[in-house]
Amino acid sequence: MKNKSLVSIDDYSKEDYIEILRVAAEFEKNPVQNILEGRVVATLFFEPSTRTRLSFESAVNRLGGRVIGFTDSSSSSVSKGESLKDTILTVSNYSDLIVMRHPLEGSARYASEVATVPVINAGDGANQHPTQCLLDLYSIQKTQGTLENLKISMVGDLKYGRTVHSLIMAMSYFNPTFIFIAPDELKMPEEYKLFLDKKGIKYEEHTELAENIKDSDILYMTRVQRERFADPLEYEKVKNVYILKNKMLDGTKDNLKILHPLPRVNEINTDVDTNHKAYYFPQALNGVFTRQAIMAKILGLK
Amino acid sequence: MKEDKKLSVSAIQNGTVIDHIPAQNLFNVISILGLDQITENLVTFGTNFKSDRLGRKAIIKVSDKYFKDIEINKIALVAPTAKLNIIKDFEVVEKREVIVPSEIVGIARCMNPKCITNNEHIVTKFKVIDKNGNVALKCSYCEKITDQQHLQIIR
Ligand SMILES: [Zn+2]
């Protein structure tokens, strides 16, 4: 992993995942370590994502490093028409590591080819967001004690949701069973089901939420967004179908944990927040440990 | 050779005959091989010949030119069925087939409008994959798949 960019979740092997999770657990025990002292991490956010940026910057700060960068492209030279290549080459001179978020797909791969320092993809359009996937893995392992043989229900927008696609790829090493719960318009794409068939991984597809989560270990919720529907009437029909309410958790397994990449809109009722099965806020904290681990491994400090 | 073909596309003394090109992709083959740019060699082509396999096929003849494998394999995207006859002194001295390469650099455009390659000056790069028995391209940048139907050759 040393000096290697992290652009896509499949840039890492199963062994890499396990190693990242091991180091993340180390940081959870001991989050303040000065190993990044004297190092500069550039956070280049060509589109705003406050949550992701703060998580990375918190991780850098807790490791004693410094952050430079911008929070959206309107405040940078990009607004003057500078090419991505030129921005990346320039910032390479000023930093040891680049964390970037960009609205265009493939931008991070391109940046990693151009940059003279490693690049971490913090989201490139609808394509990849590998650190989110690794923090999801960390959250699953931490709450279940293992990644092996788990039953994972995924709910909501399974068609466009990049987090669920990445999670499927990453979890495929650990013999999971998937339950896909989505409206017909937002069903899991064929290519992912083919991938699972090829790997011999079991999955079910449903449109009903409440009755299909009873024997799950993980319930992964996502937003159903209005703009994904060609027909607004279709959205109106399903918008309230995929809302998790506390009552639905009656009779679910005791070890069940509810994950969500956040921010949520209304897909998890606030009455779920106090249930011990709600895990989406601790999940966000795990993001800091996981990003500490990823940066430390890439910079060869762990 | 059948009489009608002889009349339509005259024989060449030395060079390459590319046969079994799907007629609808003739101009893609011409542009991928840069045949519309060369000024020295004599290039003749004929199209809409009847073909049992392809329905309608096209033929290109290029005098005094022998293609490298890497050039030939570029046309796998649009004419995987093509066969090349290497001609010396009016005789076919060698027959070659198109081999589908595992990677394609340049040549094609990614069909994803939100792909970085459609927004900055970047040479496109694809892994060649199989999609339901057809050649398709997986963009090395945005990871989206461009299938035959959406394939666009970069000029
Ligand atoms: Zn692309």
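Annotations for the structure displayed:
- Using a simple spin-label model with pseudo-atoms 7 Å out from Cα toward Cβ, B:D89 and A:S74 lie 7.6 nm apart.
- Under the Karplus curve 6.51 cos²θ - 1.76 cosθ + 1.60, θ = phi - 60°, whole-Hz ³J(HN,Hα) for segment A:249-255, x wherever Gly or Pro sits: 7, 4, x, 7, 5, 5, 8
- 0 to 90° range, to nearest 10: angle between helix A:162-171 axis and chain A longest Cα axis: 90
- Amide H contacts for A:T43 (H built 1.01 Å from N in the peptide plane; partners 5 or more residues away or on another chain; cut-off under 5 Å): A:I68, A:G69, A:F70, A:V99.
- Within segment B:119-146: backbone nitrogen closer than 20 Å to the A:S83 label point (7 Å, Cα to C-beta): B:119-126, B:140-142
- Rounded to the nearest whole Hz, the Karplus-based 3J(HN,Hα) values (6.51 cos²θ - 1.76 cosθ + 1.60, θ = phi - 60°) of segment A:22-29 follow the sequence 5, 5, 4, 5, 4, 5, 5, 5, with x at glycine and proline.
- Given charges at Cβ of Lys, Arg, Asp, Glu: segment A:91-172 dipole, positive-most of A:I120, A:L135, A:L97: A:L135
- Helical content of chain B, expressed as a calculated mean residue ellipticity at 222 nm, amounts to -2500 deg cm²/dmol (DSSP H runs of 4 or more residues, -39,500 (n - 2.57) each, divided by residue number, nearest 500).
- Assuming charge only on the beta carbon of Lys and Arg (+1) and of Asp and Glu (-1), the dipole of segment B:103-153 about its Cα centre is about 60 debye to the nearest 20.
- A Förster radius of 25 Å, combined with the Cβ-Cβ distance separating A:L262 from A:E148, puts the computed FRET efficiency at roughly 0.45.
- Estimated inter-spin distance, A:M169 and B:V128, nm [label 7 Å along Cα→Cβ]: 2.3
- The protein assembly as shown, dipole about Cα centre (Lys/Arg Cβ +1, Asp/Glu Cβ -1), debye to the nearest 20: 320
- On Cα atoms only, tilt of A:280-298 relative to the major axis of chain A in degrees: 40
- Reach of A:K151 by Cα under 16 Å, taken over aspartates and glutamates that are not fewer than 8 positions away in the same chain: A:D136, A:E204, A:E205, A:E211, A:D215, A:D217, A:D254
- Applying both filters, DSSP loop and at most 11 other Cβ atoms within 10 Å, to the trypsin sites (Lys or Arg not before Pro) of segment B:28-124 gives B:R53, B:K68.
- Shielding of B:112-124 by partner chains, average beta-carbon count, 10 Å: 6
- Angle of helix A:50-62 to the longest C-alpha principal axis of chain A, folded into 0 to 90 degrees and rounded to 10: 60°.
- Per-pair calculated FRET efficiency, R0 = 45 Å: A:E47 and A:K214 via Cβ, rounded to 0.05: 0.70
- For A:V60, A:V40, order by how many other beta-carbon atoms lie within 10 Å, fewest first: A:V40, A:V60
- Mean Cβ count within 10 Å, highest first, over the residues of peptides A:104-110, A:188-194, A:286-292, A:213-219: A:104-110, A:286-292, A:213-219, A:188-194
- Kirkwood hydrodynamic radius of chain B, from inverse mean 1/r over distinct Cα pairs, in Å: 16.5
- Each Lys and Arg Cβ is given +1 and each Asp and Glu Cβ -1; about its Cα centre, segment A:166-302 then shows a dipole of about 740 debye.
- Rounded to the nearest whole Hz, the Karplus-based 3J(HN,Hα) values (6.51 cos²θ - 1.76 cosθ + 1.60, θ = phi - 60°) of segment B:24-39 follow the sequence 5, 10, 3, 6, 5, 5, 4, 6, 5, 7, x, 6, 7, 10, 6, 10, with x at glycine and proline.
- In this simple spin-label approximation, A:E236 and A:A25 carry label points 7 Å from Cα along the Cα→Cβ vector, and these lie 5.1 nm apart.
- Test item: A:125-131 mean partner chain Cβ contacts at 10 Å: 3
- Counting charges near A:Y17 (Lys, Arg +1; Asp, Glu -1) among other residues having Cβ under 12 Å from its Cβ returns a value of -3.
- Lysines whose Cα lies under 21 Å from that of B:K125, excluding same-chain neighbours fewer than 8 positions away: A:K4, A:K85, B:K68, B:K74, B:K114, B:K138, B:K144
- Pairwise FRET efficiency - B:Q24 versus B:E97, Cβ, R0 = 25 Å, nearest 0.05: 0.80
Throughout, read-outs are computed from the coordinates displayed, never taken from laboratory work. These numbers come from a predicted model, not from an experiment. Every residue, glycine among them, receives a Cβ derived from its backbone with ideal geometry; neighbour counts consider all protein chains shown.
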